Amino acid sequence: MADSEHLTARAPMVTRCCIVGGGPAGMMLGYLLARAGIEALVLEKHADFFRDFRGDTVHPSTLQVMDELGLIDDFLKLPHEELQTLEGYFGQTKVRLADIGRTNAKHPFIAFMPQWDFLNFLREQGRRYPQLKVLMSTEATDLIWENGTVVGIKAQDGDGPLDIRADLVVACDGRHSVMRRRAELEVEDIGAPMDVLWFRVGKQGETESVLARIEAGQMMVTLDRGDYWQCAYVIAKGQYEAVRARGLQAFRADIRRLVPILGATVDDVKSWDDVKLLTVAINRLPRWTRPGLLCIGDAAHAMSPVGGVGVNLAVQDAVATANLLAETLRERTPREADLDAVRQRREFPVRVTQAMQVIVQNNVVAMALKPGGAPIEPPLLVRIINAVPWLQGWTARFLAIGVRPEHVRSPE
C-alpha cells in the first residue's frame with residue numbers, strides 16, 4: 001500500500017514566485033514579473049473570475065499603468081462606462097465633489113468595468129510571456145516552512161493535494177487571506193460604521209451621472225453600467241438582519257423614495273438572493289512579511305468602499321513590488337529586508353487613504369445613517385468644494401490618482 005501511494009504521489013511544482021490569489025494585485029504582479037522574464041505562478045481558487053459586485057472602478061492611476069505597459073488601447077476597447085465628474089445629493093442639494101478633468105491625468109476619467117473583464121484581459125495579455133502560468137480552481141491551503149522561512153505553499157486542485165515550492169510567496173488572497181492567517185501576521189483593525197448591500201436593477205428612461213444620494217437615515221451609491229444600474233445601499237454596521245426583517249417590499253420602497261429614477265425597475269430585486277451583503281472593514285498589517293512571504297493588496301490592507309480605491313491601490317502595490325523586487329528575483333532569493341521595502345514604499349499612501357476614508361465615514365456616512373436625524377444639508381467643507389471649482393481638481397487628484405502613484409519601472 002505504501003509503495004502504491006508513493007508511485008501515485010504528485011511531484012512538487014517549482015517556481016520562482018508563487019502568487020496566491022488571482023485578483024487585481026495577483027494578476028498584475030504575475031504579468032509584470034513574467035514581463036521581466038521571471039517565472040511567476042498565479043493560483044486562483046475559483047474556476048473563473050466571474051464574481052458579481054467586486055470592485056470595478058478603474059481610476060486614472062491604473063489607466064496610466066496600462067498605458068505604460070502599452071495595453072491601454074486594447075484595454076479601453078473592453079465594454080466600460082466613463083465618468084469624469086463626481087456629484088451627489090445631500091438632501092435636495094446637488095453638489096460636485098470632484099472633477100477629474102482638472103487633474104493632469106493622461107486619461108482623465110474613471111472607467112467602470114466589470115472586474116472579471118479586467119482580470120481576463122490581464123490573463124490573455126500575459127499569454128505572450130511563457131514565464132506566466134495561471135492555475136484556476138487551485139486553492140492555497142497552507143504555507144510550507146523550513147527553518148523559519150516560507151519556501152512554498154500547500155494547495156488543493158481537482159486532482160488532490162499539491163505542493164508548490166517557490167523562492168518567494170506573495171499573498172494576494174484578499175481581506176480574508178488564508179496565507180496571512182497561516183503566517184500569524186497581526187491585523188490592526190481600524191473599523192467602519194457601515195456595511196453595504198449590493199444589487200442591480202435595469203435602466204429605463206431618465207439617467208444622470210449623480211453618484212451618491214444622502215438623506216436622513218439613508219445613503220446610496222448608483223453606478224451607471226450601460227444597460228443597468230449597479231447599486232450600493234449603505235446600512236449601519238450589523239443592521240442587515242434588521243433591514244431584512246422589515247421585508248423586501250419596505251426595502252424597495254426606501255429605494256424608490258431615495259432614488260426616484262429607479263422606481264420603474266427596482267422590482268428587479270425579486271428576492272433577498274438578489275442582494276449581496278458586503279461587510280465593510282478597514283484594517284492593515286503592521287508587518288507585511290515573513291521570511292519568504294510578502295502580503296500586498298487587501299491581504300495587507302483592507303479598504304472601505306469609500307472612493308472605490310481598493311482595486312487601484314492593489315494595482316499600485318503590484319507595480320511597486322515588481323519595481324522593487326524584479327531585479328533581485330532575477331539574481332537571488334529576496335531577503336526579508338528586500339521584501340519589507342514594499343511596505344516601506346506603500347505604507348504611507350495606504351495610511352493616508354485610510355485616514356481620509358475614516359474622515360468621510362465619521363463625518364458623512366455616520367451622519368447620514370443616524371436614525372431620525374434632521375434633514376440632511378451638505379457639510380461646510382462639501383459646500384466649499386462645490387463652490388470652488390479648482391478645489392474639485394484637488395479632490396479628484398487625491399481620489400483618482402492617489403498618494404504617491406506608482407509608475408512601471410520593472411524591465412521588459
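The values are calculated or read from the model by the stated rules, or taken from the named source; none is laboratory data. Just so we're clear, the structure is a prediction, and the values are computed from it rather than from any experiment. FYI the Cβ positions are ideal-geometry reconstructions off the backbone, even for glycines, and counts take in every protein chain you see. The accessibility values were calculated without ligands, DNA or RNA, using every heavy atom of the protein model including side chains. Shrake-Rupley method; radii C 1.70, N 1.55, O 1.52, S 1.80 Å.
Please return the ranges of helices (runs of 4 or more DSSP H) entirely within the stretch 355-409 where 1 or more residues are out of contact with any helix residue (DSSP H, G or I) (no Cβ under 6 Å at 6 or more places or on another chain), farther than 22 Å from PRO305 by Cβ and not aliphatic (A, V, I, L, M).
Details: elements: 366-369, 380-387, 389-396.
Where helices (runs of 4 or more DSSP H) fall fully within the stretch 355-409 and carry at least 1 residues being out of contact with any helix residue (DSSP H, G or I) (no Cβ under 6 Å at 6 or more places or on another chain), farther than 22 Å from PRO305 by Cβ and not aliphatic (A, V, I, L, M), they are 380-387, 389-396.
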Tally of residues being free of Cβ contacts under 8 Å to residues at least 60 places away in the same chain and surrounded by fewer than 19 Cβ atoms within 10 Å (Cβ to Cβ) across the stretch 70-100: 11
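From the list LEU97, LEU78, which residue is among the hydrophobic types (A, V, I, L, M, F, W, C), in contact with an Asp or Glu (Cβ under 7 Å, 6 or more places away or on another chain) and not in a strand (DSSP E or B)? Talk me through it step by step, then tell me what you get.
Numbers: LEU97 fails: not in a strand (DSSP E or B).
It is LEU78.
I'd like the full set of residues that are assigned to a helix (DSSP H, G or I), in contact (Cβ under 8 Å) with a residue 12 or more places away in the chain and open to solvent by 20 Å² or more (accessible area, probe 1.4 Å), limited to the stretch 314-336. Talk me through it step by step, then tell me what you get.
Initial filter on the stretch 314-336 (assigned to a helix (DSSP H, G or I)): 314-331, 336.
Narrowing further to those that are in contact (Cβ under 8 Å) with a residue 12 or more places away in the chain: 314-327, 329-330, 336.
If the condition is that a residue be assigned to a helix (DSSP H, G or I), in contact (Cβ under 8 Å) with a residue 12 or more places away in the chain and open to solvent by 20 Å² or more (accessible area, probe 1.4 Å), then ASN323, LEU324, GLU327, ARG330, GLU336 are the ones that fit.
Scan the stretch 286-308 for residues that are aliphatic (A, V, I, L, M), touching a helix residue (DSSP H, G or I) at 6+ places or on another chain (Cβ under 6 Å) and open to solvent by less than 30 Å² (accessible area, probe 1.4 Å) and jot them down.
First, pick out the residues of the stretch 286-308 that are aliphatic (A, V, I, L, M): 293-294, 296, 299-300, 302-303, 306.
If we keep only those that are touching a helix residue (DSSP H, G or I) at 6+ places or on another chain (Cβ under 6 Å) as well, we get 294, 296, 299, 303, 306.
Correct list: LEU294, ILE296, ALA299, MET303.
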Criterion violated by LYS203 - all others in (1) in contact (Cβ under 8 Å) with a residue 60 or more places away in the chain; (2) within 30 Å of VAL178 (Cβ to Cβ) satisfied: (2)
Residue tally, condition under 21 Å from the mean Cα position of the chain (by Cα) and under 19 Å from LEU391 (Cβ atoms), over the stretch 86-108: 5
Qualifying positions in the stretch 43-75 - modelled with pLDDT under 90 and either assigned to a loop (DSSP other than H, G, I, E, B) or out of contact with any Gly (no Cβ under 8 Å at 6 or more places or on another chain) (or both): ALA47, ASP48, PHE49, PHE50, ARG51, ASP52, PHE53, ARG54, GLY55, ASP56
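Quick one: how many residues across the stretch 218-250 are assigned to a helix (DSSP H, G or I), in contact (Cβ under 8 Å) with a residue 24 or more places away in the chain and over 24 Å from the mean Cα position of the chain (by Cα)?
At the first step, the residues of the stretch 218-250 found to be assigned to a helix (DSSP H, G or I) are 240-246, 248-250.
Filter again for in contact (Cβ under 8 Å) with a residue 24 or more places away in the chain, leaving 240, 243-244, 248.
Narrowing further to those that are over 24 Å from the mean Cα position of the chain (by Cα): 243-244, 248.
Qualifying residue count for the region: 3.
Tally the residues that are assigned to a helix (DSSP H, G or I), crowded, with 24+ Cβ neighbours inside 10 Å and charged (D, E, K, R), restricting the search to the stretch 155-197.
Here the count works out to 1.
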Flag for LEU339 being at pLDDT below 95 and of a type outside the set (Ser, Thr, Tyr): no
The one condition in (1) part of a strand (DSSP E or B); (2) open to solvent by less than 60 Å² (accessible area, probe 1.4 Å); (3) not basic (Lys, Arg) that LEU119 fails to fulfil: (1)
Contacts under 8 angstrom Cβ, first residue in the stretch 365-392 being farther than 14 Å from ALA212 by Cβ and aromatic (Phe, Trp, Tyr), partner modelled with pLDDT of 80 or more and surrounded by 11 or more Cβ atoms within 10 Å (Cβ to Cβ), 6 or more apart: TRP390/ARG102
